[in-house]
Structure formats: structure tokens, C-alpha cells
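Novice: Please find one structure pasted underneath; my questions will follow.
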Amino acid sequence: MDYSHYPRHDVLCIDMRSFYASVEMAHRGLDSKTALLAVVGDPERNGSIVLAASPALKKKHGVSNVSRYFELPNDPELIVAPARMGEYVRVSVEITRMMKEIVPPEAIHVYSVDELWVTVDGLGRLYGSPYTIAAMIQDRIREQFGVECAIGIGDNKFLAKVVMDIHAKKADDGIAECRYEDVERLLWPTPIEHIWGIGSRMTRNFNRLGIVRLGQLAKYPLKYLKKHYGIIGEQLYWHAWGIDLSPVIGDFTKTEQKGFGHGVTLLRNYAKEEVPAVMLDLCEEACRRARKAKQAGRTVHLSVGYERDTGGGFSRSTSIDLPTNITMDMYRLCLQLFHKYYDGFSMIRRIAVTLTNLDEDIATQLTLFDDRPKKKDVGNVMDQIRDKYGSTAILRASSFTDAGITPERSKKIGGHYA
């Protein structure tokens, strides 16, 4: 591969190790190398998931981020910390703010609450080599927040991310570097299921073609990958050669909104008559976000998942002529879909609603049979009250029934208690 035609940058991919657990250990003044600590979504629920485990707990007992609370070992030194998502988000924001002291905002791309890319092009005279900058960032994050991090360095985002996942997390100093010329040596021997962007389904597809390691993907004929898997196959082929043309400088906070949705996995099985209360709460939130963005949609999607023992469910949509962001309009359409496609007997464990096919929320169009302006006014007033006094300052009566979900969900961030 002739890499002379492809851009070269100095990109760092920074991953906070066991982030939630690290924040909790720092808060308690514990030694991050020896403490046995697990962050659990809700310790009141025996089946609650372990969101993070300290390195020592992973090493000693094999606890992972997919373990359940009841699977934790009976170790007297074990500390169980209830999740505090609000605190983790706060620390994440503070780390990003600290990064702005080193690089300009447009050089920072936040990928998740515990991972981000930073482009350090042109900072050599100020700080030194990319490796030196990575070590400096590690020291600052450790000193200010008590959090350890692994850092990958590459010519682009893909190389920085993958070398961080595969090599930096295992390195003694938590730093690894991969340039174009290092791809064959550092990345090609790696099993494809360990490569960022290749999930279990694509792994099975590649395995059927005899592709087990990244180097085999790089040597597979591109025309057949495009034929079998389209643009995804082509992208993964170029990734196998270490090539990624995604931007490394820009405003990464702007995204084109495709729809406004809200969903929930219920804490218990719901019967048919309890569903409308949940559905109304979900429609309220989806439409509130649409109104805030001054958008309205013509298509409403409803997805319902049945209890685990029964399995199955359905996902259906319907469209209307005039775009809407009125809660009761969306709610009625969801009810219609539910009554039409629900099997009539299964208990329900998951519900999601989405408003798509968006358009600008221009002046309300009047009809002879529908008083839309008053409905919009009601929604806008409720939004203003919530913005000023909190998300639960004003709710519909159904939200306070046993089936309602908004009061409890208002205490959570990302599905876990704040």
C-alpha cells in the first residue's frame, strides 16, 4: 500500500480505565491498584448489572462489565458502589474542559463518557512528541481526577482507537503508537472480532469467507467485499490497511437529527391495560424534544418487546399528512398501532416510540375540525414550566399511577440513578 497519498495526523485516543469504578475509588480515597470495587446499577435489584469493576476485582475474581450483582464474589474486601451517573458525567465534562487547556475545542472529539479523541497536530514545539503529550495528559488526569487512562497514538482516528484497544491497555505505561508502516506488524495478527467496528454478526460473515485475522481481511479482494457487504465491506477493507479519512478537526458536537425517540425497558412485566400510561410518558418526552428543536414529524414508530419467556414483539409505523409535535397526536397514533399489532395476551417488557420524517415546525396549519393552536400552546406551556422548575414540575395524571414511568426515570441518567 502506498500511503503517501493519505493524510498523516497526530491523533490520540484516550480511554479512562474502569472509569466509573475509578471515580468511586478516587472519591473514597482507595488505592486504584488494589481496591476491590464494583459499581452496580441498582443494588436493590439482585439482577442489576455491574457497570464497572476495578482492575483488581477483574484480576482476582474475573468480574466483568457484563456480570450481574448476584454473581459478585463473597469477598469481605469487596465494596459495592451504587451508580452515580450524574457524578460520572460531571467528571467526564471536567476532563474535557481540562483538555481544552492543551488543544483547541475543534481538536477534541468526545466519543463517550469515558473516551475521546484529541488531535495534537503542530504542538510539538510546545509540548514535545505525541508520546510526550500522551504521557503529560495521563499525568494530568491522574493528578486532578485520580483516574488512570490508556492512550493510543496514530495517523488517524481508527489507528489511534485500535492500537489503544489492542496494545495500550496491556502496555506497562498505558501508551501505544501505530503509524501506517506499523499496521502489518501491530494490527494484522489480531483476530477480527477484537477490531473496533467489527461486531459479532460481521465476524461470523467474515469467518465463513475464511477471514479470521485482520491481515486476511486486508488481503481479501476488495471487489468481493463490496459485492457481499457494500460500503461497509469497503470501509472495513481500508481499515484493515489502517486508512481512515474521517475528519480529525471540526465541530463534532453537531449532528443531523433524524428523529426524536424515547424508549424504556420496564422493571417488571406490564399487562395490556398498563401500556397506555407508559406510552403517553414516552410520547411526551419525544414531542418535548421535538418542540425544543423546532421540528415536527410525519411518521410515528412504535416498538414493543414481549417478556423474555414469550419472546418476540413488533415494530410498526404509520404516517400522517401534516407534521406534528403535539403529544396527544403522537400518543393516539401509537395507541392505534398497539391495538392493531399487539397479540392480545403477551406481557410487555419494552416499549419505544419515535417521531421521524422531520420538517420545520412552521406556523400551525389550521383545520376546520381540529384546534391545533390550543394543543400546541398547552405543550409549550408545560415545556416552559419544566425548563424552569424541573422535569417533574408538571406531569399528566397517568404518570403518577403504578404504570407511570416519568417520576422514577427523572432520577436517572442513561437508565441508572444519578
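Novice: Given Cα pairs under 8 Å that are at least 6 residues apart, what percent is the relative contact order of the stretch 127-286?
Specialist: Values: 155 pairs, mean separation 26.3, N = 160.
The value is 16 percent.
Novice: Under a plain spin-label model, where a point goes 7 Å from the Cα along Cα-to-Cβ, how far apart in nm are I231 and V212?
Specialist: 3.3
Novice: Sort 89-98, 231-240 by the packing proxy (mean of other Cβ within 10 Å over each peptide's residues), most packed first.
Specialist: The peptides rank, most packed first, as 231-240, 89-98.
Novice: Now for a separate question. At 222 nm, what value in deg cm²/dmol follows for the chain if DSSP H runs of at least 4 each add -39500 (n - 2.57) and the sum is divided by all its residues, to the nearest 500? Please report the intermediate quantities before stating the final value.
Specialist: Values: 14 runs with 152 residues, N = 418.
About -11000 deg cm²/dmol.
Novice: Helix 372-389 versus the longest principal axis of the chain: what is the Cα-based angle in degrees, 0 to 90, to the nearest 10?
Specialist: For 372-389 against the chain, the angle is about 50 degrees.
Novice: Here is a follow-up. Specify the angular offset, from 0 to 90 degrees and rounded to the nearest 10, of the alpha carbon long axis of helix 275-292 from the longest principal axis of the alpha carbons in the chain.
Specialist: Around 70 degrees separate the two axes.
Novice: Another question, if that's okay. Between the helical axis of 85-99 and the dominant principal axis of the chain, each derived from Cα atoms, what acute angle in degrees is found, rounded to the nearest 10?
Specialist: So the helix axis and the longest Cα principal axis differ by about 50 degrees.
Novice: So, for the stretch 96-136, what is the accessible surface per residue at a probe of 1.4 Å, expressed in square angstrom?
Specialist: For the stretch 96-136, the solvent-accessible area averages 50 Å² per residue.
Novice: Estimate the FRET efficiency between D121 and E101 by the formula 1/(1 + (r/R0)^6), using the beta-carbon distance for r and 22 Å for R0, to the nearest 0.05. Before the final figure, lay out each step's value.
Specialist: Working: r = 17 Å, r/R0 = 0.78.
Working from the Cβ atoms, E equals 0.80.
Novice: Another question about this same structure. Explain nothing, just the number: relative contact order of the stretch 225-359, from Cα pairs under 8 Å at least 6 residues apart, as a whole percent.
Specialist: 35
Novice: Considering only protein heavy atoms and a probe of 1.4 Å, how much of the accessible area of the chain is carbon and sulfur, as a whole percent?
Specialist: 51
Novice: On to the next question. Considering only L214, L266, L57, give the residue with the highest GNM mean-square fluctuation for the chain, with springs between Cα atoms whenever their separation is below 10 Å.
Specialist: So, out of L214, L266, L57, the one fluctuating most is L266.
Novice: Suppose the chain between E94 and D139 were pulled fully straight at 0.36 nm per residue; how much longer would it get relative to their current alpha carbon spacing?
Specialist: Result for the pair: 14.7 nm of gain on full extension.
Novice: Report the gain in length on full extension from H5 to D172: 0.36 nm times residue separation, minus Cα-Cα distance, nm rounded to one decimal.
Specialist: Separation in residues times 0.36 nm, less the Cα-Cα distance, equals 56.7 nm.
Novice: Residue farthest toward the positive end of the dipole of the chain, with Cβ of Lys/Arg at +1 and Asp/Glu at -1: which of G152, I141, H27?
Specialist: G152
Novice: What is the magnitude of the charge dipole of the chain about its Cα centre, with +1 placed on the Cβ of each Lys and Arg, -1 on the Cβ of each Asp and Glu, and no other charges, expressed in debye to the nearest 20?
Specialist: 820
Novice: If you take the square roots of the eigenvalues of the alpha-carbon gyration tensor of the chain and sort them as a ≥ b ≥ c, do you get rounded (a/c under 1.5), prolate (a/b over b/c) or oblate?
Specialist: Prolate, because a/c is 1.5 or more and a/b exceeds b/c.
Novice: Okay, next question. In percent, how large is the relative contact order of the chain, given Cα pairs closer than 8 Å and 6 or more residues apart?
Specialist: It comes to 15 percent, rounded to a whole number.
The values are calculated or read from the model by the stated rules, or taken from the named source; none is laboratory data. In this text, all values refer to a predicted model and were calculated from it rather than measured experimentally. Reconstructed Cβ throughout: ideal geometry from the backbone, glycine too, with neighbour counts over all protein chains shown. Just so you know, the surface numbers come from the protein's heavy atoms only, side chains and all, with ligands and any DNA or RNA stripped out. Shrake-Rupley method; radii C 1.70, N 1.55, O 1.52, S 1.80 Å.
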